[in-house]
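Quick notes on the structure that follows.
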Amino acid sequence: MKKDMKVAIMEGIGKIGYVSREIPSPKDDEVLIKIQYVGVCGSDLHYYETGRIGDYIVQPPFVLGHEASGIVTKLGKDVDSLKLGDRVALEPGITCGKCEFCTTGRYNLCPDVVFFATPPVDGVFCEYVSHPASLCFKLPDNVSSMNGALIEPLAVGFHAADQGGAKAGQKAVIFGAGCIGLMTLLALKSYGLTNITVVDILPNRLEQATKMGATHVVNSLEKDYKEQFNKITNNKGFDIAFETAGTEITTRLSIDVLKKGSHLVCVGYSKTGEMNLPMSLVLDKELTINTVFRYRHVYPKAIEAVASEIINPSDVVTNIFEFDDIQNAMDKSVEDKANIVKSVIKISE
Ligand SMILES: [Zn+2]
Ligand SMILES: [Zn+2]
């Protein structure tokens with residue numbers, strides 16, 4: 001096996017270059033993964049465009065990418081859960097295992113988590129990575145490696161559904177038909193919900209939502225959008241709402257269209273981090289507001305849902321780019337947010 005690998009690095013804002021680095025060797029509890037596909041996430045684009053997200057600041061050279069699948073090519077000496085040649089989805093966060101959050105099962109809240117492509121930790125726009133075997137989930141034969149990379153954003157959708165206690169029989173509404181909104185749609189579908197409305201202002205995204213199984217779509221730029229909500233819910237309001245756009249307008253709208261006693265799940269981060277909300281109405285309706293930070297314990301069921309062929313996360317992918325073309329992938333995804341819902345980088349076969 002070769003000694004060096006190619007790594008795509010962010011050299012500065014809006015600039016990708018390539019360097020050669022030594023292929024890492026797996027520790028005793030790790031496996032070496034030959035990366036196949038990596039999804040381009042909104043957070044990657046944000047780092048690329050602005051060099052930071054909140055207090056996380058990129059110090060170049062920095063490696064982006066955290067939604068990955070690949071093939072097991074080397075085993076650490078303590079690993080018996082996987083074998084050479086297994087295709088896996090990589091859960092990107094390595095947690096401490098000891099803090100109060102880890103020991104109570106809420107490991108996504110671990111303050112010491114080491115997460116791909118969150119400065120200063122490098123991501124996986126590269127040919128190989130060593131990763132704990134416990135965070136590499138084997139893909140069944142009928143789950144493609146592209147779907148393997150998309151288990152990560154799908155996991156966010158499942159966690160959102162779990163946080164809000166979504167269940168069959170409910171009328172759900174999702175604000176925002178970007179990748180996470182559509183992944184939430186798939187999670188709800190696999191939980192048996194059969195009345196799911198997706199709201200956006202871009203017609204092509206609403207079209208994609210319909211293709212992926214939304215039972216109703218509403219363009220909130222249309223004059224009669226409130227009447228459309230009333231018609232869908234027989235004037236009763238929705239049982240659960242997911243806000244994935246991260247805007248004040250859509251969060252206010254979510255509060256407005258919910259039934260009393262229901263759940264609002266906030267998934268999208270707002271640009272400024274602050275919002276003005278009608279809290280009296282939230283109290284009058286006795287709404288429960290749930291929030292989502294990444295996910296926990298979701299990969300096995302997300303993979304199972306894809307293997308069942310009830311849902312196909314690859315339906316979200318609008319653009320596939322080669323490994324040598326990451327600069328173009330990032331630039332296009334930033335410039336053409338209206339048409340590019342999801343880009344994926346193909347690193348190897
Ligand atoms: Zn992501
Ligand atoms: Zn911890």
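Points worth noting:
- Test: residue in region 160-170 that is outside any helix (DSSP H, G or I) and within 26 Å of Asp44 (Cβ to Cβ): no
- In region 181-233, residue farthest from the chain's Cα centre (by Cα) [restricted to those that are of a type in the set (S, T, N, Q) and in a loop (DSSP other than H, G, I, E, B)]: Thr233
- As a summary of the residue check, Gly54 satisfies the conditions (1) away from ligand 1 (no atom under 16 Å from the Cβ); (2) out of contact with any helix residue (DSSP H, G or I) (no Cβ under 9 Å at 6 or more places or on another chain); (3) at positive phi except for the one numbered (1).
- Some residue of region 316-331 being under 30 Å from Thr95 (Cβ atoms), open to solvent by 30 Å² or more (accessible area, probe 1.4 Å) and either more than 21 Å from the chain's Cα centre (by Cα) or acidic (Asp, Glu) (or both): no
- Residue that is more than 15 Å from ligand 1 (Cβ to nearest atom) and out of contact with any helix residue (DSSP H, G or I) (no Cβ under 8 Å at 6 or more places or on another chain), where the choices are Pro132, Pro140: Pro132
- Number of the exception - Cys96 against (1) within 25 Å of Ser145 (Cα to Cα); (2) free of Cβ contacts under 8 Å to residues at least 24 places away in the same chain; (3) not aromatic (Phe, Trp, Tyr): (1)
- Cβ pairs under 6 Å, 6+ apart, first in region 188-211 and more than 18 Å from Phe158 (Cβ to Cβ), second open to solvent by 60 Å² or more (accessible area, probe 1.4 Å): Asn195/Thr215; Thr197/His216; Ile201/Leu221
- Taken over region 18-51, residues that are under 20 Å from Met146 (Cα atoms) and within 16 Å of ligand 1 (Cβ to nearest atom) amount to 10.
- For the criterion of being among the charged types (D, E, K, R), over 16 Å from Ala155 (Cα atoms) and open to solvent by 30 Å² or more (accessible area, probe 1.4 Å), Lys260 passes.
- Complete set of residues in region 14-39 that are hydrophobic (A, V, I, L, M, F, W, C) and open to solvent by less than 10 Å² (accessible area, probe 1.4 Å): Val31, Leu32, Ile33, Ile35, Val38
- Candidate set: region 77-106, residues that are open to solvent by 40 Å² or more (accessible area, probe 1.4 Å) and touching a helix residue (DSSP H, G or I) at 6+ places or on another chain (Cβ under 7 Å); chosen: the one farthest from ligand 2 (Cβ to nearest atom): Arg87
- Test for Cys110: is it surrounded by fewer than 21 Cβ atoms within 10 Å (Cβ to Cβ), without any contact (Cβ under 8 Å) to a residue 60 or more places away in the chain, more than 16 Å from ligand 1 (Cβ to nearest atom) and not polar (S, T, N, Q): no
- Of residues in region 272-298 being within 26 Å of the chain's Cα centre (by Cα) and basic (Lys, Arg), the one surrounded by the fewest Cβ atoms within 10 Å (Cβ to Cβ): Arg294
- Condition check for Ile255: of a type in the set (Val, Ile, Thr), farther than 16 Å from Thr184 by Cβ and open to solvent by 20 Å² or more (accessible area, probe 1.4 Å): no
The values are calculated or read from the model by the stated rules, or taken from the named source; none is laboratory data. A quick note: this is a predicted structure, and the numbers were derived from the prediction, not measured. Here the Cβ is made from the backbone with ideal geometry for all residues, glycine too, and neighbour counts use every protein chain on show. For the accessible areas, the whole protein counts, side chains as well, though only heavy atoms, and no ligand, DNA or RNA atoms are used. Shrake-Rupley method; radii C 1.70, N 1.55, O 1.52, S 1.80 Å.
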